[in-house]
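Novice: The structure that follows is given in the form of structure tokens.
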Amino acid sequence: MRSTEAQKFKPAGSQPGKAKIFAVVAVAAVVVIALASYLAISRKAAKEGTESFRLLMDQAFGAEGWSVENIDVSVFDKLLTARGVSIKPGHASFKEPTTVESLEIHQGLPSEELQALLARADWRSAPETRLASRVVFNGLDIKAPDASGEKVIGTIKLKSVELDAPTLAASGPETSPGLLGFLKSVRLSRVVSRDLQIASTDEPATLSLGHAEAVNPRFGESWTDLNDPLEALLALSATELSYNDLKFQATKDQNNVTFEIGEQRLQGMGENFKFDQASLKNFIFKALIEDDDDAEGAEDDESAEDDEDAEGGEPQAAKAAQPGVDVNLRLGEFVMEGLDLSALFRRFEELAVLAAISDLDSLDDPVKLANFYNDAYRLSDLLVAPYSLKRAHAKDLSLDIDGQLKAAMAAATFEGPFEAGKLAPKQTFALESLKIELPTKAEPGSRFAEVAEFSQKFGQSVFNLAYNFDAVYDEAAKTLTWRATPLLGEAELVDLNLSFVFAGLTPSLIEEMSQITLGDAETIFLSPQFASFGLAQAQLEIVNRALVDKLYAMAGQEQGMDKDLVKEALAASLELFVGPALESSFEGADQLVAAAQTFLRDPQSIALTVGPPEPLNWKALTEATSQPQLLNALKMNLAVNGQAPTPVVWLEAPPDHEADDEEGFDDEDDFDESDE
């Protein structure tokens, strides 16, 4: 009964297995349709992708100028991969092609759009076009021929180069036509290269670069010559440019040079090497350089030995040839901020044109060279820089020469800003703790033997140097002040204080000076607009700490005398020999001699100051009729050990002495053996 009821409620036509069979057939039909569609789409995509790639390569290298082993197209990834790409060399005699293991083009331009793009006569007023989402070159191998094309002189190998989001930017009517316009219109979001290897087969030299990356690189409108790589480099800009692990090595004859850069980063890079910030880390320079003097000395010694043998005498021992100079330089970090070299490169362009006009084909002609410099440099170059820089900082610098002479700098800092062609209100430079270490032992006759002998006699081989400089421009007072304070031994040996004050300096005067060449400077300086510009003050002060005492000790050691006797002997010689000689040249010569004796007997400090009543301008200097008149215009004073200053006044030479001097130098007959 139950079985009959169950059969009553079973759906009609639902025999066992029929539903499953129907489902399988339906799924199979969908799969077949999808597979057929995929194959159709794949064949179409592969055909279009292959056509686009061949069209692009034909346009770039010619139909016979390249070949490829196979081309694969992935529909889902929209990826075209060309393997075994080979490009024939441009030189007719050169047989080595450029090869690429594989070239990947992600989401490339369809063939119809690419055809329309390549058909353009130029890129002026072209619309923005996305060329691909990404292009990758793997295993790039380039061989460089010599001029004849007969042999390979260099190779370039790259593991990979990635170009992200290559896009042809919308360009205006001013864009250059042809390939140059195309390259300047291309935009990339990022370029990455890995494992660059450059080698010279002509002479042993290699360059390797581990990783390099550029963010938003582009070429600016200043690039006008497609065949000028330097102009292209100067026209390059990027949000950021960086590289790591740069190594270079070259060997020629007995010379070997290597340098390494751990990292360099350029941020906010503009055309003509303009950077918001440029940093370099872990710079290493090593060189083994043949010493020409040592080589010549060894040859001379060998010649002398041969001469002795020829004359039958005892041969003298030849001086052993010294090895080359071994130089090691290391820099931990160097950072520059706000660097702009645009004005400097414009100056270089002017100099190149001027050199061509001046027919300066050789630096051996002193007349041509002097004329070139007189016309090339401006009067303002003496006071302002042709570049802009906000700040520069270097630290951890060390130098080692032959393991004998060593130097190490903790840090050096420049605070600006320098602004091209202008005077900044204040600029400072500070050198912190430059440690110099001299050798104390060296083989007799070696290049550092005399230095080692000096350090032994001086009684000190390690020296610490600090240096501070600042330039202050007061536009209201129209003065420019330079102050320098080098400290030898960090207040252990001697302190130096040097300062200059220039008056009558205005921005408008600097602008006028920028239009005046050095060759015209003397004439222009005499013009009225330069009457107020001149030297207002100057001072040189030497503060002795221990330097003079050490020099006395050295002199006493060489003479076999006590240093106090050396001190008194020098002071006495001033009065006996120098004093009489100065009487005819200086007013109050005895006072100057007494001041000098005071310093020799008690060496504390000595200061020479210049303070003319009015700023000493060029006109006053040129109007001086004699050297004493010129020097007296400076109003010099000499102060010793903080005592009252002594005026330094030159005396005019008597007329008869001047006449005798002129006759003596002009008449060669007056000079005979008896005079000698």
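The values are calculated or read from the model by the stated rules, or taken from the named source; none is laboratory data. Treat the numbers as computed from the prediction; the structure is a model and nothing was measured. Here the Cβ positions follow ideal geometry from the backbone for every residue, glycine too, while neighbour counts run over all protein chains shown. Calculation scope for accessible area: heavy atoms of the full protein, side chains included, ligands and nucleic acids excluded. Shrake-Rupley method; radii C 1.70, N 1.55, O 1.52, S 1.80 Å.
Novice: Would you pick out the residues in the stretch 533-591 that are touching a strand residue (DSSP E or B) at 6+ places or on another chain (Cβ under 9 Å) and either more than 24 Å from GLY642 (Cα to Cα) or open to solvent by 80 Å² or more (accessible area, probe 1.4 Å) (or both)?
Specialist: The answer is PHE533, GLY534, LEU535, GLN537, ARG545, SER585, GLU587, GLN591.
Novice: Which of the residues that make up the stretch 59-106 are surrounded by fewer than 14 Cβ atoms within 10 Å (Cβ to Cβ) and assigned to a loop (DSSP other than H, G, I, E, B)?
Specialist: Scanning the stretch 59-106 gives GLY62, ALA63, GLU64, GLU69, PHE76, ASP77, GLY90, ALA92, SER93, LYS95.
Residues are listed down the side, and each one gets a yes or a no for (1) in contact with a strand residue (DSSP E or B) (Cβ under 7 Å, 6 or more places away or on another chain); (2) within 22 Å of LEU280 (Cβ to Cβ):
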{"site": "GLY181", "(1), (2)": "no, no"}
{"site": "ARG194", "(1), (2)": "yes, yes"}
{"site": "LEU207", "(1), (2)": "yes, yes"}
{"site": "ARG218", "(1), (2)": "yes, no"}
{"site": "LEU226", "(1), (2)": "no, no"}
{"site": "LEU233", "(1), (2)": "no, yes"}
{"site": "ALA238", "(1), (2)": "yes, yes"}
{"site": "GLN249", "(1), (2)": "yes, yes"}
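Novice: Right, THR622: open to solvent by 40 Å² or more (accessible area, probe 1.4 Å) and either assigned to a loop (DSSP other than H, G, I, E, B) or over 24 Å from GLN643 (Cα atoms) (or both) or not?
Specialist: yes
Novice: Of the residues GLY556, GLY560, GLY534, which is among the small types (Gly, Ala, Ser) and in contact with an Asp or Glu (Cβ under 7 Å, 6 or more places away or on another chain)?
Specialist: Matching residue, one of GLY556, GLY560, GLY534: GLY556.
Novice: For the stretch 444-467, give me each residue that is open to solvent by 30 Å² or more (accessible area, probe 1.4 Å), assigned to a helix (DSSP H, G or I) and either of a type in the set (S, T, N, Q) or more than 30 Å from ALA484 (Cβ to Cβ) (or both).
Specialist: Selection gives GLU453, GLN456.
Novice: Select, from ILE153, ILE142, the only residue that is under 23 Å from PRO217 (Cβ atoms), aliphatic (A, V, I, L, M) and either in contact with a Gly (Cβ under 9 Å, 6 or more places away or on another chain) or surrounded by fewer than 16 Cβ atoms within 10 Å (Cβ to Cβ) (or both).
Specialist: Going through ILE153, ILE142 in turn, the sole match is ILE142.
One line per residue, one yes/no per condition, for (1) modelled with pLDDT under 50; (2) part of a loop (DSSP other than H, G, I, E, B); (3) farther than 19 Å from ASP590 by Cβ:
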| site | (1), (2), (3) |
| --- | --- |
| GLN629 | no, no, yes |
| PRO647 | no, no, no |
| ASP656 | no, no, yes |
| ALA659 | yes, no, yes |
| GLU662 | yes, no, yes |
| PHE665 | yes, no, yes |
| ASP669 | yes, no, yes |
| ASP672 | yes, yes, yes |
| ASP675 | yes, yes, yes |
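Novice: Turning to a different aspect of this structure: Anything in the stretch 143-165 that is modelled with pLDDT of 85 or more and either assigned to a loop (DSSP other than H, G, I, E, B) or in contact with a Lys or Arg (Cβ under 6 Å, 6 or more places away or on another chain) (or both)? List them, or say none.
Specialist: THR155, LYS159, SER160, ASP164, ALA165
Novice: Scan the stretch 248-278 residue by residue and report those that are under 19 Å from GLY324 (Cβ atoms), in a strand (DSSP E or B) and out of contact with any Phe, Trp or Tyr (no Cβ under 6 Å at 6 or more places or on another chain).
Specialist: Within the stretch 248-278, the first condition is being under 19 Å from GLY324 (Cβ atoms), and the residues that meet it are 248-259.
Add one more test, that the residue is in a strand (DSSP E or B), and what stays is 248-252, 255-259.
Result: GLN249, ALA250, THR251, LYS252, ASN255, ASN256, VAL257, THR258.
Novice: Looking at (1) closer than 30 Å to TRP482 by Cβ; (2) hydroxyl-bearing (Ser, Thr, Tyr); (3) at pLDDT below 85, which is the only condition SER303 fails?
Specialist: (1)
Novice: Out of the stretch 543-574, which residues are in contact with a Pro (Cβ under 9 Å, 6 or more places away or on another chain) and not in a helix (DSSP H, G or I)?
Specialist: Within the stretch 543-574, just ASN544 meets the criteria.
Novice: SER133: among the hydroxyl-bearing types (Ser, Thr, Tyr), modelled with pLDDT of 90 or more and out of contact with any Gly (no Cβ under 8 Å at 6 or more places or on another chain), yes or no?
Specialist: Taking the combined requirement at face value, the residue satisfies it.
Novice: Based on this model, can you work out whether LEU168 counts as at pLDDT below 90 and either closer than 17 Å to LEU241 by Cα or in contact with a Pro (Cβ under 9 Å, 6 or more places away or on another chain) (or both)?
Specialist: The answer is yes for LEU168.
Novice: With the requirement that a residue be at pLDDT below 90 and either more than 22 Å from ASN468 (Cβ to Cβ) or open to solvent by 70 Å² or more (accessible area, probe 1.4 Å) (or both), what does the stretch 426-440 give you?
Specialist: GLU432
Novice: Now for a different question. Name, by its number, the condition in (1) surrounded by fewer than 18 Cβ atoms within 10 Å (Cβ to Cβ); (2) among the polar types (S, T, N, Q); (3) assigned to a strand (DSSP E or B) that does not hold for THR609.
Specialist: That leaves (1) as the condition not met.
Novice: Considering every residue within the stretch 279-294, establish whether at least one is surrounded by fewer than 16 Cβ atoms within 10 Å (Cβ to Cβ), in contact with a strand residue (DSSP E or B) (Cβ under 6 Å, 6 or more places away or on another chain), within 23 Å of ALA394 (Cβ to Cβ) and modelled with pLDDT of 95 or more.
Specialist: yes
Novice: Can you tell me which residue among THR523, THR481, THR506 is surrounded by 16 or more Cβ atoms within 10 Å (Cβ to Cβ) and of a type in the set (Ser, Thr, Tyr)?
Specialist: Just a single option satisfies the conditions, and that option is THR481.
Novice: Next up: Does any residue of the stretch 121-131 turn out to be among the basic types (Lys, Arg), under 37 Å from the mean Cα position of the chain (by Cα) and open to solvent by 60 Å² or more (accessible area, probe 1.4 Å)? Explain how you work it out, then say what you get.
Specialist: Going through the stretch 121-131, the residues among the basic types (Lys, Arg) turn out to be 124, 130.
From what's left, under 37 Å from the mean Cα position of the chain (by Cα): none.
Scanning the stretch 121-131 turns up no residue that is among the basic types (Lys, Arg), under 37 Å from the mean Cα position of the chain (by Cα) and open to solvent by 60 Å² or more (accessible area, probe 1.4 Å).
Novice: Go through the stretch 399-416 residue by residue and tally those that are under 19 Å from the mean Cα position of the chain (by Cα) and open to solvent by 40 Å² or more (accessible area, probe 1.4 Å).
Specialist: Adding up the residues that qualify gives 2.
Novice: Is it the case that some residue within the stretch 375-382 is of a type in the set (Asp, Glu), open to solvent by 60 Å² or more (accessible area, probe 1.4 Å) and not in a strand (DSSP E or B)?
Specialist: yes
Novice: Can you name the residue in the stretch 194-231 that is within 28 Å of ASP146 (Cα to Cα) and touching an Asp or Glu at 6+ places or on another chain (Cβ under 8 Å) and is also modelled with the lowest pLDDT among such residues?
Specialist: Filtering first and then ranking leaves ASP202.
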